[in-house]
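The structure under discussion appears below in the form of structure tokens.
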Amino acid sequence: MLLLRLIFKNAFRHRLRSMLTIVGVAIALTAFGLMRTVLDAWNAGVSASSANRLVTRNAVSLTQPLPYAYRGRIRQVTGVDIVAAGNWFGGIYLDEKNFFANFAVEAEDFFRLYPELVVTPAEQKAFLTDRKGAVIGRKLADRFHWRVGDTVTLRGTIFPGQWPMTIRAIYKGARPDTDETVLYLHWSYVDEVMKKTTPRRAGQTGFFMIGIGDATKAAEISKDIDALFRNSQAETLTETEKAFQMGFVSMSEAILMAITVVSYVVIGIILAVAANTMAMSARERLGEFAVLKTLGFPGPTLGLMLLAESLLLSLSGAALAMGLLPAITDAFTKNLAQYFPIFFVSRETMLLLPAFGVAVGVLAAAAPAVRVGTVRIAAAFRRIG
Amino acid sequence: MTQQPLIEIAHLSKSYRRGDQVIPVLSDITFDIATGEFLALIGPSGSGKSTLLNCIAGIDAVDAGTITIGGTDITTLSEGELAAWRSRHVGFVFQFYNLIPVLTALENVELPLLLTSLSARARQEHALAALTAVGLPDRTDHKPAQLSGGQQQRVAIARAIVTDPDIIVADEPTGDLDRHSAADIMALLRRLNQELNKTIVMVTHDHRAAEAAHLVRELDKGELRVAP
């Protein structure tokens, strides 16, 4: 008990220095956690992907449409269970700054494909039976204070015109990484308007979402689908939903790599700061360690005492970071939901904070602890005069 | 008062290296110290008296010779064995007290007992008894900074005797004290020697302090002689 008291008192002997070290570790680990959370948010689409879902799009580019007529042929491919056509709708609510993702989808099949979008049966029925209906995510509803029954008008960019629609359902995500900021409207609503206003764009779709029963056959089924439309005017490219999402993420690969590197550099910097603190502490108290050695305390015990002091400081910083990170993330979520619809601290990130706290504590104290443990008593007394 | 030799030093030599230069500090020192002896080592600065004291206490290595204490040649012990040996057999008193500033007087005295198998309660009882023996039973909760120099040295002496060691080594124990406090400390050391039969080896510059010893030996240029 006395030894623990001595470790604690020594760790906080220079209160300002100790507090600054703890705050430094906390800030560094919080920054690290925040950057990891940004990376997780960036990759959320990938992590939320299902192995049982494929995406078929135009082989030339995602911006090029596919004939809706492909739907029936795709459905007939062995292994395909569900097909739902969909378009990036790109509607704007009042102003560009109000950006949120919105898709026109074949609703009935789409909701069978995405069971993680949880809607009450009554609301789902109301949505499916209203061609001008829309279903929105819980967070989107919170952001604009929309409720079921409200009429919302989007200004079309890809599909010009004003698009009034009635909110018929609000979905909740079944998993923490489910995006709750999206609006879905009926593909048929868009297609019918196109038939009237721009007939040449009718009967086209941006992509097909495909449900397959056996995920291990994804490659084979993809190949079969693309083979159907080889040498046609609109050749297809079919890939897993994960690969499709990865295509978006890989566009930002350099930025993501930079964030990853910076997050580890931050840890390296705080390691250097903590190591400096422990080296100063050991140097200042070399005489005291020599006295303890003189009294008979073994060198390894003294080294471990210094290590414990270092761990006390670094883990205090890690504990502070574990409190700060969720609070900062919450603030981020409230203010930047349009950029990072899925922004939460993962369990892995939370576990990494104390792990890095231990690593920083151990590495920072390693050299001073060895020195304290091995210094010869007479040499230490001579050094301190 | 003197009995059979407790400490036997034979042909002890020690030198330091400074770059390529070898500086001899102790040359072929041979002498005995009896159980219950109170020996003062005097000599000019750089004469090697503190080095000799450190060698006797097992905190500095020798180049040649043997130091046999209570039948154990401590020059053959490893670092770990020496640490354990010191904790059982030697109490230390330093010139600048060397108390741990963040601990109270009682905690400072209790420190060496952490290396024993005593319970926490027993440790505190022993520490309090040692503080009482040096006349500071009412200063248990004081930090070193709240004590005078003389009081701090008394706490250091309590720490030195709390494990009931055979030998007390004192390096300039009055070097940082005023005359009155120095006299008190010497009286205390003399009492420990006479009443508890502690063998004391003390290095001092202070001839008044050396007068408290039974025997005074002088070191000069690394060689030992009986002081006049």
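Values in this text are rule-based calculations from the coordinates and carry no lab data. These numbers come from a predicted model, not from an experiment. Note that we place each Cβ from the backbone using ideal geometry, even for glycine, and neighbour counts take in every protein chain shown.
Within the stretch A:8-31, the set of residues being within 11 Å of chain B (Cβ to nearest Cβ), surrounded by fewer than 18 Cβ atoms within 10 Å (Cβ to Cβ) and assigned to a helix (DSSP H, G or I) comprises A:8, A:9. Taken as a whole, the structure leaves residue A:81 outside the set of residues that are in contact (Cβ under 8 Å) with a residue 12 or more places away in the chain, part of a helix (DSSP H, G or I) and over 14 Å from residue A:232 (Cβ atoms). Consider the stretch A:1-60 and keep the residues that are touching a helix residue (DSSP H, G or I) at 6+ places or on another chain (Cβ under 6 Å) and of a type in the set (Lys, Arg). The one that is farthest from residue A:329 (Cα to Cα) is A:53. Restrict the check to the stretch B:80-103 and report whether at least one residue is in contact with a helix residue (DSSP H, G or I) (Cβ under 8 Å, 6 or more places away or on another chain), of a type in the set (Val, Ile, Thr) and away from chain A (no Cβ under 13 Å). Within the stretch B:80-103 (the criterion being in contact with a helix residue (DSSP H, G or I) (Cβ under 8 Å, 6 or more places away or on another chain), of a type in the set (Val, Ile, Thr) and away from chain A (no Cβ under 13 Å)), the answer is no, since none of the residues qualifies.
Taking the stated definitions as given, is residue A:238 more than 30 Å from residue A:71 (Cβ to Cβ), surrounded by 16 or more Cβ atoms within 10 Å (Cβ to Cβ) and either under 20 Å from the mean Cα position of the chain (by Cα) or in contact (Cβ under 8 Å) with a residue 60 or more places away in the chain (or both)?
Details: more than 30 Å from residue A:71 (Cβ to Cβ): no; surrounded by 16 or more Cβ atoms within 10 Å (Cβ to Cβ): yes; either under 20 Å from the mean Cα position of the chain (by Cα) or in contact (Cβ under 8 Å) with a residue 60 or more places away in the chain (or both): yes.
The answer is no for residue A:238.
If you go through the stretch B:134-156 one residue at a time, do you hit one that is touching a residue at least 60 places away in the same chain (Cβ under 8 Å) and either assigned to a loop (DSSP other than H, G, I, E, B) or of a type outside the set (Val, Ile, Thr) (or both)? Among the residues of the stretch B:134-156, at least one is touching a residue at least 60 places away in the same chain (Cβ under 8 Å) and either assigned to a loop (DSSP other than H, G, I, E, B) or of a type outside the set (Val, Ile, Thr) (or both), which makes the answer yes. Only one of the numbered conditions (1) crowded, with 18+ Cβ neighbours inside 10 Å; (2) out of contact with any Gly (no Cβ under 7 Å at 6 or more places or on another chain) is not met by residue A:283, and that is (1).
Looking at A:168, A:155, which is the one that is touching a Leu at 6+ places or on another chain (Cβ under 9 Å), closer than 24 Å to residue A:194 by Cβ, buried (at least 19 other Cβ atoms within 10 Å of the Cβ) and basic (Lys, Arg)? A:168 is the lone residue from the list that is touching a Leu at 6+ places or on another chain (Cβ under 9 Å), closer than 24 Å to residue A:194 by Cβ, buried (at least 19 other Cβ atoms within 10 Å of the Cβ) and basic (Lys, Arg).
Residues checked against (1) over 23 Å from residue B:209 (Cα atoms); (2) among the hydrophobic types (A, V, I, L, M, F, W, C):
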position	(1), (2)
B:31	no, yes
B:41	no, yes
B:68	yes, no
B:91	no, no
B:97	no, no
B:108	yes, no
B:112	yes, no
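Screening residue B:122 with (1) over 19 Å from residue B:173 (Cβ atoms); (2) at the interface with chain A (Cβ under 10 Å from one of its Cβ atoms) gives one miss only, at (2). Here residue B:35 does not qualify as out of contact with any helix residue (DSSP H, G or I) (no Cβ under 9 Å at 6 or more places or on another chain), farther than 27 Å from residue B:186 by Cβ and among the polar types (S, T, N, Q). Of the residues examined, residue A:34 is one that is among the hydrophobic types (A, V, I, L, M, F, W, C) and within 11 Å of the chain's Cα centre (by Cα).
With respect to the conditions (1) buried (at least 20 other Cβ atoms within 10 Å of the Cβ); (2) outside any helix (DSSP H, G or I), residue A:60 lacks only one, and its number is (1). Note on the stretch A:363-379: residues that are exposed (fewer than 15 other Cβ atoms within 10 Å of the Cβ) and without any contact (Cβ under 8 Å) to a residue 60 or more places away in the chain total 1.
Does the stretch A:324-339 contain at least one residue that is in a helix (DSSP H, G or I), among the aromatic types (Phe, Trp, Tyr), more than 14 Å from chain B (Cβ to nearest Cβ) and more than 15 Å from the chain's Cα centre (by Cα)? No, the conditions are met nowhere in the stretch A:324-339. Here A:307, A:302 are screened, and the one residue that is surrounded by 19 or more Cβ atoms within 10 Å (Cβ to Cβ), within 30 Å of residue B:81 (Cβ to Cβ) and within 14 Å of chain B (Cβ to nearest Cβ) is A:302. Give the number of residues within the stretch A:119-168 that are of a type in the set (Lys, Arg), outside any strand (DSSP E or B) and over 14 Å from residue A:180 (Cβ atoms). Matching residues across the stretch A:119-168 total 4. In the stretch A:243-262 there is at least one residue that is surrounded by fewer than 19 Cβ atoms within 10 Å (Cβ to Cβ), of a type in the set (Gly, Ala, Ser) and under 30 Å from residue A:366 (Cα atoms). Looking only at residues in the stretch B:108-119 that are buried (at least 23 other Cβ atoms within 10 Å of the Cβ) and not aliphatic (A, V, I, L, M), the one that is farthest from the other protein chains (Cβ to nearest Cβ) is B:108.
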